[in-house]
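A short reminder: the numbers here are calculations on the coordinates, not readings from a lab. Since the structure is predicted, the reported quantities are computational estimates derived from the model, not experimental observations. Counting neighbours? That spans all protein chains shown, and the Cβs are built from the backbone with ideal geometry, glycine included.
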């Protein structure tokens with residue numbers, strides 16, 4: 001072995017021995033231990049052993065990570081001493097003022113886990129950016145700002161307002177990227193985001209300065225309590241292209257990219273309570289401008305036919321935050337749980353559209369039934385007063401069908417009215433005229449009445465045998481009864497054949513109403529698993545239960561998938577068959 005090779009080998013062995021002689025250690029260092037809430041901190045985790053792996057950073061719960069992680073490796077040999085270090089670097093930004101602890105990080109080395117030291121960092125109020133006209137951070141701070149605009153600062157409880165967050169920047173700089181660090185919280189408000197369809201840059205004037213404006217976020221807020229409520233600011237990290245004051249060969253301005261963080265101002269609103277004076281008794285919290293309508297699909301029908309009574313509120317206001325007045329119906333009418341529908345849009349003007357409860361009514365006995373007036377009250381914030389709308393009473397006229405069991409025929413008594421001239425003249429002479437008399441004996445009516453009993457007896461015997469045979473057919477009677485029951489519940493769905501969404505809604509409702517009538521429970525409020533369990537307890541076979549649940553599932557899925565008239569007819573027949581099966585088994 002040559003002297004040169006021996007020297008190289010000795011050097012490598014000496015380096016390995018020197019590095020191995022050091023104790024394995026993971027160290028945390030920061031660029032500064034005190035900073036402003038608007039400044040950034042460089043934190044470095046360094047390990048002095050080669051081969052360490054599986055680095056786990058600490059939790060930066062009081063900081064936002066705005067850069068990293070990045071890594072670097074440094075190895076040197078000075079005066080016969082070898083050093084090695086591998087660093088993991090993060091750039092973080094504090095979320096708030098305070099004294100915060102940065103926990104230890106960890107890394108694995110030779111099967112052992114190394115932990116770094118714990119540090120404390122003090123965060124103070126925002127530090128003033130040096131007013132150096134050539135400093136990129138100062139240029140960014142003077143040309144970029146976030147604003148929070150509120151449509152109304154003193155709304156009533158339940159009155160909708162909207163908030164718009166905008167990014168303003170001057171024409172002196174350019175934007176390459178931005179991201180939201182923290183989503184605003186709307187404590188005390190019901191809120192819903194308003195979708196910003198596209199980035200639209202507009203030229204505006206703000207406090208006498210000309211800017212370009214971008215809408216970042218819009219939201220509809222409806223206060224739920226009175227008093228002073230705070231709307232949190234929006235916090236963003238923005239990449240800004242700042243001019244350096246130099247130009248390239250062609251005279252174009254050379255820019256420098258700067259990462260800049262800023263927040264909008266925190267805004268407050270003073271929410272007024274709704275007036276107590278003149279508050280209607282039936283007021284349920286509706287605030288806005290509304291119309292109230294109660295209609296029926298038909299008011300003249302036969303027994304066991306169905307009619308729909310629709311109770312609707314439409315207009316603009318907090319449509320999703322109050323209850324529609326309930327309908328009161330006579331006990332003689334069978335009324336099913338109403339179907340609630342909402343068609344509400346959200347925009348910068350608030351919530352608008354309509355909500356409704358649709359009642360299905362099935363009368364069993366003939367007669368006229370009165371649906372009493374229904375009142376709806378709301379508060380109009382523009383006029384600052386309560387408004388009550390009362391619907392007209394409805395009369396449901398049921399013709400045909402059975403008479404109520406407890407209804408008796410009564411003869412009305414008329415009051416006798418006395419008069420002074422009741423007996424003005426009495427005849428005292430009579431004249432007799434012969435009455436024309438037809439000979440009933442041997443007339444056509446005589447022979448019809450004579451032989452009618454002889455014809456009625458065999459006809460009655462024939463009908464009686466047919467009825468006895470029909471009454472004895474237990475299976476047939478059950479099938480006929482089940483068929484009538486299925487037609488009763490599926491009548492509304494059959495009317496909607498061809499209208500996909502309306503058909504499947506009516507079909508699902510019919511299935512739930514059938515179970516409600518058979519099991520005496522509200523099945524629309526329980527899961528399909530619970531329905532399966534109840535039907536199993538009532539000794540319905542597994543196959544029939546499976547078919548019933550399949551129809552319910554088909555009603556859910558079919559509303560959002562294409563469906564033909566043939567498919568709807570098949571679904572209708574399947575529902576009719578499964579209702580018949582369940583009725584027969586129960």
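What the table below lists for this structure:
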{"read-out": "457, 150 arranged by Cβ crowding within 10 Å, fewest neighbours leading", "value": "457, 150"}
{"read-out": "Extension gain (nm, one decimal) between residue 268 and residue 23, 0.36 nm per residue minus Cα-Cα", "value": "82.6 nm"}
{"read-out": "Order of 548, 55, 572 - criterion: other Cβ atoms within 10 Å of each residue's Cβ, fewest first", "value": "55, 572, 548"}
{"read-out": "Förster-model FRET efficiency, 22 Å R0, residue 117 and residue 72, C-beta, rounded to 0.05", "value": "0.65"}
{"read-out": "Two-site FRET efficiency, residue 392 against residue 142, from Cβ-Cβ distance with R₀ of 56 Å, rounded to 0.05", "value": "0.30"}
{"read-out": "Size descriptor, Kirkwood hydrodynamic radius, that averages inverse alpha-carbon separations across the stretch 136-271, Å", "value": "16.4"}
{"read-out": "Computed lengthening from residue 467 to residue 547, 0.36 nm per intervening residue step minus Cα-Cα distance", "value": "25.3 nm"}
{"read-out": "Residue 567-residue 104 pseudo-label distance in nm [points 7 Å out on the Cα-to-Cβ vector]", "value": "6.3"}
{"read-out": "Length added when fully stretched, residue 354-residue 277, from 0.36 nm per residue minus Cα-Cα", "value": "24.9 nm"}
{"read-out": "Taking 568, 577 and counting other C-beta atoms within 10 Å, the order from fewest to most", "value": "577, 568"}
{"read-out": "Computed E for residue 176/residue 54 - FRET, C-beta separation, R0 35 angstrom, nearest 0.05", "value": "0.50"}
{"read-out": "Distance in nm between pseudo-label sites at residue 452 and residue 126 (7 Å out along the Cβ direction from Cα)", "value": "10.5"}
{"read-out": "Estimated distance in nm for a label pair at residue 32 and residue 291, the labels positioned 7 Å out from Cα along Cα-to-Cβ", "value": "6.4"}
